[in-house]
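Below: the structure, in structure tokens.
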Amino acid sequence: EDPEGVHQARVATRRLRSDLRVFRAFLERSWADGLRSDLRWLTDVLGEVRDLDVMGERLTEILPAVPTPELESAQEILTKLQGERAAAVAVAIEAFREPFYLDLLDRLVDAAAGPPLRAEANAIAPGRLIELTRKPWRKLRRAVDSLPDNPSPDELHRLRIRTKRARYAAEAVADLGGESAELFSLALEELQDVLGELQDAVVAARWLRALEPRYALAAGELIGFEIARAKLAAEGWRDIWRSLNRPELTAWLG
């Protein structure tokens, strides 16, 4: 029921999936890939609730700025969203009662106690661990280089996913990279946040546009705020990227 609890569970699940991808060279491949696939199911279950939580938070922030004639209708929209959130929570609770989920928990406990490592995992050099983080970083750089001058929201959403993967990989080995690695991870987090703000605005506007016609005026007011937020985020991400993509922050990757 707690939005922050849902958020933390979703983030933890995503981080675990990222770690299983980054370090799979040292894990039994079929086991790691199978666990990642099953964790994707859990991410999706939590995501249905979390996406509605984010929209609810955004609409609650905007509500005081809605003109008085449309305020009552805007409040009805928020109530409707809260109803959808309650329904999503009910679906999630049922999912957590399924044997599949209980089996997944048992497998995670067993993996934490004794992950199935390959033989080469017994002699991992620190440089080899850092090397594993270079791949998601290179993919992120290529993704940025391939973007047009005015990328679409979908293109920036894919860029956000690349950013998140690079950030999680860097954070997993940050202790080996010193202060530069920490600053690098923080810069990636900042880029992820601004791209996330853009995506959240796009998703909220899309949901509002799909409402019944009787909400049209109030939804239009709310969409206007979301468009402004999206525009601001779209204009600001390149400055953050330039600050991130500097030798001072990336030299530790080798």
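Observations
- Single condition E235 does not satisfy, out of (1) in contact with a helix residue (DSSP H, G or I) (Cβ under 8 Å, 6 or more places away or on another chain); (2) under 18 Å from D154 (Cβ atoms); (3) modelled with pLDDT under 95: (1)
- Counted as qualifying within the stretch 14-120 are the helices (runs of 4 or more DSSP H) with 2 or more residues that are open to solvent by 30 Å² or more (accessible area, probe 1.4 Å) and under 19 Å from E4 (Cα atoms), namely 29-62, 68-96.
Conditions tested, residue by residue: (1) aromatic (F, W, Y); (2) over 22 Å from the mean Cα position of the chain (by Cα); (3) open to solvent by 30 Å² or more (accessible area, probe 1.4 Å).
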position	(1), (2), (3)
E190	no, no, yes
E197	no, no, yes
A233	no, no, no
W237	yes, no, no
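- Subset of the stretch 197-214 (residues that are of a type outside the set (A, V, I, L, M) and more than 15 Å from E57 (Cβ to Cβ)): R206, R209, E212, P213, R214
- Test result for E171, at pLDDT 95 or above, acidic (D, E) and either open to solvent by less than 70 Å² (accessible area, probe 1.4 Å) or within 25 Å of G83 (Cα to Cα) (or both): no
- Residues of the stretch 191-213 that are over 30 Å from A166 (Cα atoms) and touching an Asp or Glu at 6+ places or on another chain (Cβ under 9 Å): L208 alone.
- Per the listing L81, L104, L117, the residue uniquely touching a residue at least 24 places away in the same chain (Cβ under 8 Å) and within 16 Å of A25 (Cα to Cα) is L117.
- Residue in the stretch 138-150 that is surrounded by the fewest Cβ atoms within 10 Å (Cβ to Cβ), counting only those that are of a type outside the set (G, A, S) and in contact (Cβ under 8 Å) with a residue 12 or more places away in the chain: K139
The values are calculated or read from the model by the stated rules, or taken from the named source; none is laboratory data. Keep in mind that this is a model prediction, so the values were computed, not measured. All Cβ positions, glycine included, derive from the backbone under ideal geometry; neighbour counts span all protein chains shown. Ligands, DNA and RNA are stripped out before the accessible areas are found, and what is left, the full protein with its side chains, is counted by its heavy atoms. Shrake-Rupley method; radii C 1.70, N 1.55, O 1.52, S 1.80 Å.
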